[in-house]
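This report concerns only the one structure given below.
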Amino acid sequence: MAAYHAVLVHFPIALWMTATLAILWRVASDGALAKAIDRALVPLLTIGLLSGIAAFAVGLMVWPWETISSTPLGRNHVLLASWTVAYWALLLATRWIQGEAVWEGVMRWVMAGLAILGSALLGITGTLGGHLVGIYTEVSAALRLAGWEVYTTFYVPMYTLAAIGVVTVALIGLGLWGRNERNAV
Ligand code: HEM
């Protein structure tokens, strides 16, 4: 199953990275091209989610659970993969349910923040997967600077917790600001 997992993970990685670029483009522009790209966003996020679920399901079959869960590296890969899939499912639901309202006022900056955060989760999931097969990237050096040693850390370190806290408060603040702005119109 390892070969199937290695092939399948390319789909969500490529589709969610493309979705990130599409969201950032739409955030930066109200032009015709940006609006055309936005019309493809829900299908793009839907295919991304379906392929992410497929990669996740096959990932569960690569190694026995006792093996993948016996090291911090393996457990963190599974944990981050779960966050990534759940996170992009929520982003799809947000764009689908809210429609084009997500690009109004301050809400577009919330979308930018969500897309960047989703890419970061995806990048860390892929980085940890790479370490499982002996392929290393500079992302793990950045994680180490944040107090996360990929081979030994199995908790969310203080600096990472602080960063998550700051981003959460900022996104909630942006959401409240956007709601007030909409109510004021
Ligand atoms: C969307 C979710 C996931 C993504 C994006 C992802 C990504 C990756 C990547 C990029 C690799 C390196 C592949 C290679 O270069 O050969 C990898 C390897 C691996 N992943 Fe995942 N993964 C995901 C979910 C999971 C899950 C849920 C599990 C297990 C419960 C898992 C278990 C593994 C294992 C065991 C390897 C090493 C495979 C080998 O020995 O060749 N992955 N993953």
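The values are calculated or read from the model by the stated rules, or taken from the named source; none is laboratory data. Nothing here was measured: the structure is a model prediction, and the numbers come from that model. Every residue, glycine among them, receives a Cβ derived from its backbone with ideal geometry; neighbour counts consider all protein chains shown.
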Restricting region 64-93 to residues that are without any contact (Cβ under 8 Å) to a residue 24 or more places away in the chain, among the hydrophobic types (A, V, I, L, M, F, W, C) and near the ligand (Cβ under 8 Å from one of its atoms), which is surrounded by the fewest Cβ atoms within 10 Å (Cβ to Cβ)?
Trp65
Does at least one position in region 52-73 carry a residue that is under 18 Å from Leu117 (Cβ atoms) and at pLDDT 95 or above?
yes
Please work out if Val58 is of a type in the set (A, V, I, L, M), within 10 Å of the ligand (Cβ to nearest atom), in contact (Cβ under 8 Å) with a residue 40 or more places away in the chain and under 30 Å from Gly134 (Cα atoms).
yes
The residue that is nearest to the ligand (Cβ to nearest atom), considering only those in region 94-137 that are in contact (Cβ under 8 Å) with a residue 24 or more places away in the chain and assigned to a loop (DSSP other than H, G, I, E, B), is Val133
For region 138-185, name all the residues that are part of a loop (DSSP other than H, G, I, E, B) and more than 24 Å from Val78 (Cβ to Cβ).
Val185
From the list Leu176, Leu143, Leu171, which one is within 23 Å of Ala115 (Cβ to Cβ) and either in contact with a strand residue (DSSP E or B) (Cβ under 6 Å, 6 or more places away or on another chain) or exposed (fewer than 13 other Cβ atoms within 10 Å of the Cβ) (or both)?
Leu176
Looking at region 35-48, is at least one residue under 21 Å from Thr127 (Cα atoms), free of Cβ contacts under 8 Å to residues at least 12 places away in the same chain and within 11 Å of the ligand (Cβ to nearest atom)?
no
Taking the condition of being surrounded by fewer than 18 Cβ atoms within 10 Å (Cβ to Cβ) and farther than 30 Å from Tyr151 by Cβ, how many residues in region 44-63 meet it?
3
Given the conditions (1) touching a Leu at 6+ places or on another chain (Cβ under 9 Å); (2) under 21 Å from Ala89 (Cα atoms), and given that Leu60 satisfies all but one, which numbered condition is not satisfied?
(1)
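Among the residues of region 26-43, count how many are closer than 18 Å to Leu117 by Cα and surrounded by 16 or more Cβ atoms within 10 Å (Cβ to Cβ). Quick ask: steps written out before the conclusion?
Step one: list which residues in region 26-43 are closer than 18 Å to Leu117 by Cα, which gives 26-28, 41.
Checking the rest, the ones that are also surrounded by 16 or more Cβ atoms within 10 Å (Cβ to Cβ) come to 26-27, 41.
Result for region 26-43: 3.
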Assess whether Ala89 counts as being modelled with pLDDT of 95 or more, of a type in the set (A, V, I, L, M, F, W, C), at negative phi and under 17 Å from the mean Cα position of the chain (by Cα).
yes
